[in-house]
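Enquirer: Here it is, the structure, as C-alpha cells.
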Amino acid sequence: METTLPLLKNTKQISTYLSNGIVFIWGIVFLIYPLLLLPVLTDPFIISKELLIGGAALLSLLLWGAKIALAGKVTLRRTDFDLPLLLLILAFLLSAFFAVERFDSLINTIPLLFAVIGFFTIVNGTKKESGALFLLGAVVLSTVLLSVWAVFSFFKVYPLSIPATQIQSFSPLGSLLEQMLCIAIVLPLPLQMALPLLKGKTDAKTVSFAVATVLIAAGGIVTLIQLIFNHQLAILPWETGFQTAFAAISQDTGRVAQGFFFGSGYGNFGSVFTRFKQASFNSNPLWAVSFGHSSSFILEILGTTGILGFLSFFFLIFRIIIKPTRKFKNPLFPSLVVAAILAVVLPFSILEVMLFVLLLALYVTTDALRQPQKYFDVELRFVTLKKGLLSFSESHTTTTYENSKVVAWGTTAVFVLIVGLLGYYTTTFALSDYYFQQSLNEASARNGTGTYKDQIKGLTMFPYRSGYYRIFAQTNLALANSLVAAVPKNAKPSDQQQATLYQLIQQSINAGRQATTLSPLTVANWQNLSSIYRALIGFGQNADNFAVLAAQQSETLDPTNPQEYVALGGIYYQLGQYDNAIRQFQTAVTMKSDYANAYYNLGHAYEQKGDLQNALSSYQAVQSLVANDKTNSQKIAQEIKG
C-alpha cells in the first residue's frame, strides 16, 4: 500500500502535466493563428497556418497517447459532435480517394483532418475551467490583435516595417474577406462574456472582454468598409455556384455515381468551375476570373464532396443548433451559429473551416464544465469474444474486463503510427514548399542555376503537386531559351551546349506531362503543356500537333471560356492554318460578343487569308468595343487605315 499510493500520485501528476501540455499547445495556436505568416513558403498566409494546426495536432496527439499509456486505459469524453465530425472527415477522405485529382484533394483535406484531431485532443485534454478560460482568452486576444492591425492599416499606420505589409488592404489572413469572416465568427464570443457588464458586474474579466468586444468590432467595421468601398470582393455569383455544384454531382461523364456520392474531391472546385459553368457566365464582369471557391461553403462541399459530404456537414450543423435554450448559455454558441450562417451564404477557405472545428472543441469543453451532468467519460475495453472484441462503457463502472492495458497500448501505438505517417508527409511537404519559394526568390534575382537546383530539391521531396511541375517545366524552358540566346549569332552550339539544351527541353516536356498526369482536370496544366510545345514549333518533332492537342484538351475542360478558343486559334494562326484559326476566333466571339481580343485576332486571320471585307468588319467591332480606351482605340484606328 505504501508503495502503490506514491506511484498512483506520481501517475496522476504526470497525467496532469500531459493534459496541461495539450492545453498550452492549443493556447499558443489560438494566440498566433490569425497573425502567423511565413514568407519562406509559397503561400505564407494559408500554408503557414495549416502547418501550425498540423504540428499542434500531432504533438497533442502524442501527449494524449502518452496519457492513455500511462493510465493503462482508453478514456474518451463522449460529445454530441463525435459522430458528425467523424462522418464529415470520412466523407472528405472518401471524396479525395475517389477523386480523379487525388493528390490535390488529399493535400487540401489533410488540414481538416488535423483540425478534427485537434477537436478530440482539446476536448479530452481540457478538463479544468482555468484551461478552458486560457483557450478562450487566447482566441479573443488574437482576434483583438488582428483587429488592431486592421484599424492601424486602415489609417495607414503600418505595424511592421516589411514593405509587403505596408498596404492598406494587407491582411495576415491573406485577404480582407478572410479577415472579415474571422472577426465576424469570433466577435460574439467576447460580446457574450461581456454581457454581465449590463447587470452591473465590473470584475476584471468582464471589463476585459468588453474592451475586447469594442476593439474587435472596430476591426470588423474598417474591414467591411474596405470590402464595400474598395471593391475587394470577388465572389462567384450564387446562381453560378448553385448550377456548377448540381452539375458536378449529376453530369460528370464516366463517373456519375462517384460524382453524386463523393463529388470531385475537396479542394478541386477550380476544375468543377471550369468544366460545368454555363456560357452565360461570360456576360458577368468576373468572367475571366478562375474561381477556386464556390459562392458559399455548402455549395462548394456539395460539388467537391458530393451528397455524403453535404449531408455530413448538415448533420454537424443540426447537432449544433438543437436545444438552443440550453446552448445559448454557452458563450461560444452564437459564434458557431454565425459561422454556420456564413457557411451558407459565403465561401470559406480552409482557414475558416479549421477555425470552426476548433471553436467547436472549445464549445464542448466549456459546455462540459458548465453542465458536467450532460457529459460523461467512456472507457474502451477489450472483452471476451462472446461479447465482442471492443466495448464502450462509462468509466466509473466496476465491471472487470480483460486486457484493458492491451487496448491502451494499442491505441497509443496507433497514435504514434498516425503521427509518424502524417508527420513525415507534412514535413516533406513543408520542406518542398520552402525550396520552391527559395527557387522563386532565386528567379527574382535572375539566378537560373539556383532556381533550377531548388526546384529539383522540392520535387524530389514531395513529387505530388502539379503546380510544382508546371513551374519546373517553365524554368527548364526559360533556361533553354537563355542558352540559345547566349550562342553568338550565326555560330553553332557546342556539343555540350546541344546536350544541355536537349536535356532542358526534354525535362520541360516531361514536367509538363507529369503535371497533367497528376491533375488531368486542371486547365492550367494543359495550357502550360500547350505553351511548351508551341514554343518548340519548328524545333521539336511534332511539336505543332502536340501543341494543338494540348490546347484542345484545355477547351474540353473549359468549354465555355472564349480565352481557350483564342489560344487554340493563335496556334493555328502561327501554323498558317487560317481557316481553323478563324473558326476558333468565331467561336470565341459567339461565346462573348464583347470580347475585343477575339475580334482583333479574327480580323488578322481574315486579313492573312485575304478576306479584307470581313477583316475590316472585325476591326470595326474592336474599335467600337475599345472606344473608351484611348491607347487601344488609336492603335486599331491606325490598323484600319493601314
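The values are calculated or read from the model by the stated rules, or taken from the named source; none is laboratory data. All values derive from a computational prediction rather than experimental measurement. Here the Cβ positions follow ideal geometry from the backbone for every residue, glycine too, while neighbour counts run over all protein chains shown. Accessible surface is based on the protein model in full, side chains and every heavy atom, while ligands, DNA and RNA are left aside. Shrake-Rupley method; radii C 1.70, N 1.55, O 1.52, S 1.80 Å.
Enquirer: Under 20 Å from Leu18 (Cα atoms) and either open to solvent by less than 70 Å² (accessible area, probe 1.4 Å) or touching a residue at least 12 places away in the same chain (Cβ under 8 Å) (or both): does that describe Thr109?
Expert: no
Enquirer: I would also like to ask the following. Hey, does the range 478-485 have a residue that's closer than 25 Å to Gly540 by Cα, in contact with a Gly (Cβ under 9 Å, 6 or more places away or on another chain) and open to solvent by less than 20 Å² (accessible area, probe 1.4 Å)?
Expert: Looking for residues that are closer than 25 Å to Gly540 by Cα, in contact with a Gly (Cβ under 9 Å, 6 or more places away or on another chain) and open to solvent by less than 20 Å² (accessible area, probe 1.4 Å), one finds none in the range 478-485, hence no.
Enquirer: Tell me whether the range 12-28 contains one or more residues that are under 30 Å from Glu442 (Cβ atoms) and part of a helix (DSSP H, G or I).
Expert: No; the residues of the range 12-28 include none that is under 30 Å from Glu442 (Cβ atoms) and part of a helix (DSSP H, G or I).
Enquirer: Another one. Where in the range 537-634 are the helices (runs of 4 or more DSSP H), entirely inside, with at least 1 residues that are open to solvent by 50 Å² or more (accessible area, probe 1.4 Å) and under 30 Å from Leu501 (Cα atoms)?
Expert: Qualifying helices (runs of 4 or more DSSP H): 543-557, 562-574.
Enquirer: I'm told Ala340 meets every condition in (1) within 21 Å of the chain's Cα centre (by Cα); (2) touching a residue at least 24 places away in the same chain (Cβ under 8 Å); (3) at negative phi except one. Can you identify the failing condition by its number?
Expert: (2)
Enquirer: Another one. Please work out which one of (1) in a helix (DSSP H, G or I); (2) at pLDDT 95 or above; (3) of a type in the set (Phe, Trp, Tyr); (4) farther than 30 Å from Val186 by Cβ is the condition Tyr464 fails and give its number.
Expert: Of the numbered conditions (1) in a helix (DSSP H, G or I); (2) at pLDDT 95 or above; (3) of a type in the set (Phe, Trp, Tyr); (4) farther than 30 Å from Val186 by Cβ, the odd one out for Tyr464 is (1).
Enquirer: Still on this structure: Quick one: which residue in Phe348, Phe315, Phe297 is surrounded by fewer than 22 Cβ atoms within 10 Å (Cβ to Cβ), in contact with a helix residue (DSSP H, G or I) (Cβ under 8 Å, 6 or more places away or on another chain) and not aliphatic (A, V, I, L, M)?
Expert: Numbers: Phe348 fails: surrounded by fewer than 22 Cβ atoms within 10 Å (Cβ to Cβ); Phe297 fails: surrounded by fewer than 22 Cβ atoms within 10 Å (Cβ to Cβ).
Result of the check over Phe348, Phe315, Phe297: Phe315.
Enquirer: Still on this structure, I have one more. Determine which member of the set Ser142, Ser147 is under 15 Å from Val29 (Cβ atoms) and of a type in the set (S, T, N, Q).
Expert: After ruling out the rest, the residue left standing is Ser142.
Enquirer: Let me ask another. Tell me which of these Arg319 doesn't satisfy, since it passes every other one: (1) within 18 Å of Leu88 (Cα to Cα); (2) at pLDDT 95 or above.
Expert: Of (1) within 18 Å of Leu88 (Cα to Cα); (2) at pLDDT 95 or above, only one is false for Arg319: (2).
Enquirer: Next question. Out of all the residues in the range 221-258, which are in contact with a helix residue (DSSP H, G or I) (Cβ under 6 Å, 6 or more places away or on another chain), outside any loop (DSSP other than H, G, I, E, B) and of a type outside the set (A, V, I, L, M, F, W, C)?
Expert: Within the range 221-258, Thr223, Gln226, Thr240, Gly241, Thr244 meet the criteria.
Enquirer: Name the single residue, out of those in the range 542-567 being in contact with a Ser or Thr (Cβ under 6 Å, 6 or more places away or on another chain) and among the small types (Gly, Ala, Ser), that is farthest from Asp252 (Cα to Cα).
Expert: It comes out as Ala547.
Enquirer: Follow-up question, since we're still on this one. What tally of residues in the range 71-122 results from selecting those that are within 16 Å of Leu518 (Cα to Cα) and in a loop (DSSP other than H, G, I, E, B)?
Expert: Adding up the residues that qualify gives 4.
Enquirer: If Leu351 meets every condition in (1) of a type in the set (A, V, I, L, M); (2) at pLDDT 90 or above; (3) out of contact with any Lys or Arg (no Cβ under 8 Å at 6 or more places or on another chain) apart from one, which number is that one?
Expert: (3)
Enquirer: Follow-up question, since we're still on this one. Conditions first: (1) farther than 27 Å from Ala515 by Cα; (2) part of a loop (DSSP other than H, G, I, E, B); (3) open to solvent by 10 Å² or more (accessible area, probe 1.4 Å). Leu52 passes all but one, so which condition is the exception?
Expert: Going through (1) farther than 27 Å from Ala515 by Cα; (2) part of a loop (DSSP other than H, G, I, E, B); (3) open to solvent by 10 Å² or more (accessible area, probe 1.4 Å) one by one, Leu52 breaks only (2).
Enquirer: Here is a follow-up. Take Ile216 and tell me if it is modelled with pLDDT under 95, over 26 Å from Met591 (Cβ atoms) and more than 18 Å from the chain's Cα centre (by Cα).
Expert: Taking the combined requirement at face value, the residue does not satisfy it.
Enquirer: Here's something else I'd like to know. Scan the range 55-88 for residues that are surrounded by 20 or more Cβ atoms within 10 Å (Cβ to Cβ) and among the basic types (Lys, Arg) and report the count.
Expert: 1
Enquirer: Looking only at the range 414-426, count how many residues are over 23 Å from the mean Cα position of the chain (by Cα) and open to solvent by less than 60 Å² (accessible area, probe 1.4 Å).
Expert: 2
Enquirer: Another question, then. Which is open to solvent by 10 Å² or more (accessible area, probe 1.4 Å), at pLDDT 95 or above, within 28 Å of Ser142 (Cβ to Cβ) and not small (Gly, Ala, Ser), of Leu197, Leu187? Give the derivation first.
Expert: Details: Leu197 fails: at pLDDT 95 or above.
One residue alone meets the criteria, Leu187.
Enquirer: Sticking with this one: Considering the range 427-471 alone, what residues qualify as being under 22 Å from the mean Cα position of the chain (by Cα) and charged (D, E, K, R)?
Expert: The answer is Asp433, Arg465, Arg470.
Enquirer: Next question, about the same structure. Can you pull out the residues in the range 125-135 that are open to solvent by less than 20 Å² (accessible area, probe 1.4 Å), modelled with pLDDT under 95 and assigned to a helix (DSSP H, G or I)?
Expert: Residues satisfying the conditions are Gly125, Gly131, Ala132.
Enquirer: Oh, and also: For the range 555-578, which residues satisfy the criterion of being in contact (Cβ under 8 Å) with a residue 40 or more places away in the chain and small (Gly, Ala, Ser)?
Expert: Residue satisfying the conditions is Ala567 alone.
Enquirer: Restrict the check to the range 46-55 and report whether at least one residue is touching a Leu at 6+ places or on another chain (Cβ under 8 Å) and over 19 Å from Thr109 (Cα atoms).
Expert: So far as the range 46-55 goes, no, none of its residues is touching a Leu at 6+ places or on another chain (Cβ under 8 Å) and over 19 Å from Thr109 (Cα atoms).
Enquirer: Separate question: Looking only at the range 138-179, count how many residues are more than 22 Å from Asp43 (Cβ to Cβ) and either surrounded by fewer than 20 Cβ atoms within 10 Å (Cβ to Cβ) or of a type in the set (A, V, I, L, M) (or both).
Expert: So the answer is 13.
Enquirer: If you don't mind, another one. Looking at Val364, Val337, can you tell me which residue is open to solvent by 10 Å² or more (accessible area, probe 1.4 Å) and of a type in the set (Val, Ile, Thr)?
Expert: On the way: Val364 fails: open to solvent by 10 Å² or more (accessible area, probe 1.4 Å).
Selected residue: Val337, the only one of Val364, Val337 that is open to solvent by 10 Å² or more (accessible area, probe 1.4 Å) and of a type in the set (Val, Ile, Thr).
Enquirer: So which residues in the range 266-319 are aromatic (Phe, Trp, Tyr), outside any helix (DSSP H, G or I) and within 20 Å of the chain's Cα centre (by Cα)?
Expert: Correct list: Tyr266, Phe291.
Enquirer: Taking Leu35 as the residue in question, decide whether it is in a helix (DSSP H, G or I), open to solvent by 20 Å² or more (accessible area, probe 1.4 Å), within 25 Å of Phe436 (Cα to Cα) and in contact (Cβ under 8 Å) with a residue 12 or more places away in the chain.
Expert: No; evaluated as a whole, the condition is false for this residue.
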